[in-house]
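Chemist: Mind looking over this structure? Questions follow.
The values are calculated or read from the model by the stated rules, or taken from the named source; none is laboratory data. Worth saying up front: this structure is predicted, and the values here are computed from it rather than measured. As a convention, Cβ positions derive from the backbone with ideal geometry for all residues, glycine included, and neighbour counts pool all protein chains shown.
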Amino acid sequence: MSTNGSTSQAPKYDVVGIGNAIVDVISNVDENFIHTHDLTKGAMTLIDAERASNLYEMMPPGLESSGGSAANTIAGVASFDRKVSYVGKVRDDQLGEVFAHDIRAAGVHYDLPPATQGPPTARCLIQVTPDAERTLNTFLGVSALLEPDDIDETLMADAEVVFCEGYLWDVESAKQAIRVAMDAAHRAGRIVSLTLSDSFCVERHRQEWLELIDERVDLLFGNEREVATLFEADDFDMNAARLAEIVDIGCITQSERGSTIVNGSDRIVIAPEPVPVAVDTTGAGDLYAAGFLAGFTGGADLGRSGRMASIAAAEAIGHIGARPSVPLTTLV
């Protein structure tokens, strides 16, 4: 479990997010599309540029908007009228301009200069089946090439919470960048948060993450499958207890059964918010984190923060796309 330093300065931002800056392409498909194109339903699969181009051509018309897990979370926190900033890498191309425009329009401070060389801006091809499950196929492009020099340590020290995306942990330079950000936050006495992102991601980095979480993470987000993968066990209560040993606060989402927040020996069970019609689960976990972070940085207790998280997640499930369709302040 990490240990914070101390600071006498009030933070300039409630949350700063670090993640893959991605433009999402979201289409409704039938189950046959998933099988025909040999997609792994419900998972995030990394693909190369050629596969991204071919799959994009095969997808029916859909919605295109800036995305990325941490970017979605930060946009959600902004929708609660919190002050937020984001760090993610794009190229100086059309999709890079789309991403920067969209995230700034959502009320997010974003000033990392676009890269002038290297792969193009990332894109995520998302197929939504009739059961509202989402299948993600991601070409990471330049977003995965975040480097320590891209991290403004003063910005990290200016945030109450530094929120890091697990998806970014696939390239060595990005790992170093995240460590730099986490350490800068802790030196300033700030809170470091990590989202596990995906069970396959956890499987790839399990041992590294156990060490990272124990040494550098205060607040962790993950669904029960991701947490089970982290600890290689299916016993929920045992996993919750183990999580409480290595982080100050752990938020475990449990789909239609709501979520559980662990804090030492305390277990706070959060009921799910009713969703009239589940349209698209894309971004539900991202918006859950947004609601929790908005409540937490606003001084709410863990129960109230969890309730805000549940409300935000339900809003995301009720429509296509991972960003809020209404100001989240109107729902709470």
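Chemist: Can you pull out every residue in region 53-63 that is in a helix (DSSP H, G or I), modelled with pLDDT of 90 or more and either of a type in the set (Phe, Trp, Tyr) or touching a strand residue (DSSP E or B) at 6+ places or on another chain (Cβ under 8 Å) (or both)?
Modeler: Correct list: Leu55 only.
Chemist: Next up: What are the residue pairs meeting all of these: first residue in region 187-206, first residue closer than 18 Å to Tyr13 by Cβ, second residue part of a loop (DSSP other than H, G, I, E, B) and not hydroxyl-bearing (Ser, Thr, Tyr), Cβ atoms under 6 Å, and 6 or more apart or on different chains?
Modeler: Arg187/Gly5; Gly189/Asn4; Gly189/Gly5; Ile191/Asp218; Val192/Val217; Val192/Asp218; Leu194/Val217
Chemist: Can you name the residue in region 81-98 that is among the hydrophobic types (A, V, I, L, M, F, W, C) and modelled with pLDDT under 95 and, of all such residues, is nearest to Gly298 (Cα to Cα)?
Modeler: Checked region 81-98; the qualifying residue nearest to Gly298 (Cα to Cα) is Val98.
Chemist: Of all residues in region 216-274, how many are in a loop (DSSP other than H, G, I, E, B) and either touching a Pro at 6+ places or on another chain (Cβ under 8 Å) or surrounded by 15 or more Cβ atoms within 10 Å (Cβ to Cβ) (or both)?
Modeler: 8
Chemist: Here's a follow-up. Tell me the residue from Ala314, Ala284, Ala290 that is modelled with pLDDT of 95 or more, small (Gly, Ala, Ser) and over 23 Å from Ala241 (Cβ atoms), please.
Modeler: Of Ala314, Ala284, Ala290, the one residue that is modelled with pLDDT of 95 or more, small (Gly, Ala, Ser) and over 23 Å from Ala241 (Cβ atoms) is Ala290.
Chemist: Another question about this same structure. Please state which of the following conditions Ser305 fails to meet, knowing it meets all the rest: (1) modelled with pLDDT of 95 or more; (2) among the small types (Gly, Ala, Ser); (3) part of a helix (DSSP H, G or I); (4) within 30 Å of Val29 (Cβ to Cβ).
Modeler: (4)
Chemist: Report every pair of residues separated by at least 6 positions or lying on different chains whose Cβ atoms are under 6 Å apart, first residue within region 28-44 and under 21 Å from Ser69 (Cβ atoms) and modelled with pLDDT under 95, second surrounded by 13 or more Cβ atoms within 10 Å (Cβ to Cβ) and among the charged types (D, E, K, R).
Modeler: Note: pairs meeting the criteria are Gly42/Glu133; Met44/Asp198.
Chemist: In region 167-186, which residues are at pLDDT below 95 and closer than 25 Å to Thr297 by Cα?
Modeler: Of everything in region 167-186, those that are at pLDDT below 95 and closer than 25 Å to Thr297 by Cα turn out to be Tyr167, Leu168.
Chemist: Would you please name the residue that is surrounded by the most Cβ atoms within 10 Å (Cβ to Cβ), looking only at residues in region 103-112 that are within 15 Å of Asn20 (Cβ to Cβ) and in contact with a Lys or Arg (Cβ under 8 Å, 6 or more places away or on another chain)?
Modeler: Among those that are within 15 Å of Asn20 (Cβ to Cβ) and in contact with a Lys or Arg (Cβ under 8 Å, 6 or more places away or on another chain), it is Tyr110.
Chemist: Pick from region 130-164 the residues that are of a type in the set (D, E, K, R) and more than 20 Å from Pro113 (Cα to Cα): which of them is modelled with the lowest pLDDT?
Modeler: Arg134
Chemist: Quick one: Glu226 ticks every box in (1) free of Cβ contacts under 8 Å to residues at least 24 places away in the same chain; (2) under 20 Å from Glu203 (Cα atoms); (3) of a type in the set (Asp, Glu) except a single one, so which number is it?
Modeler: Checking Glu226 against (1) free of Cβ contacts under 8 Å to residues at least 24 places away in the same chain; (2) under 20 Å from Glu203 (Cα atoms); (3) of a type in the set (Asp, Glu), the one that fails is (1).
Chemist: Please list, ordered by first then second residue, the pairs with beta carbon atoms under 6 Å, 6 or more apart or interchain, first in region 105-118 and without any contact (Cβ under 8 Å) to a residue 24 or more places away in the chain, second surrounded by fewer than 16 Cβ atoms within 10 Å (Cβ to Cβ) and of a type in the set (Gly, Ala, Ser).
Modeler: none
Chemist: What tally of residues in region 82-129 results from selecting those that are assigned to a helix (DSSP H, G or I) and not basic (Lys, Arg)?
Modeler: Adding up the residues that qualify gives 11.
Chemist: For a quick check of your reading of the model, give me the residue pairs whose first member lies in region 54-78 and is touching a residue at least 24 places away in the same chain (Cβ under 8 Å), whose second is of a type in the set (Asp, Glu) and in a strand (DSSP E or B), with beta-carbon atoms closer than 6 Å and at least 6 apart or on different chains.
Modeler: Ser65/Asp24; Gly67/Asp24; Ser69/Glu165; Ala70/Glu165
Chemist: Of these, Ala278, Ala312, Ala290, which one is touching a residue at least 40 places away in the same chain (Cβ under 8 Å) and not in a helix (DSSP H, G or I)?
Modeler: Ala278
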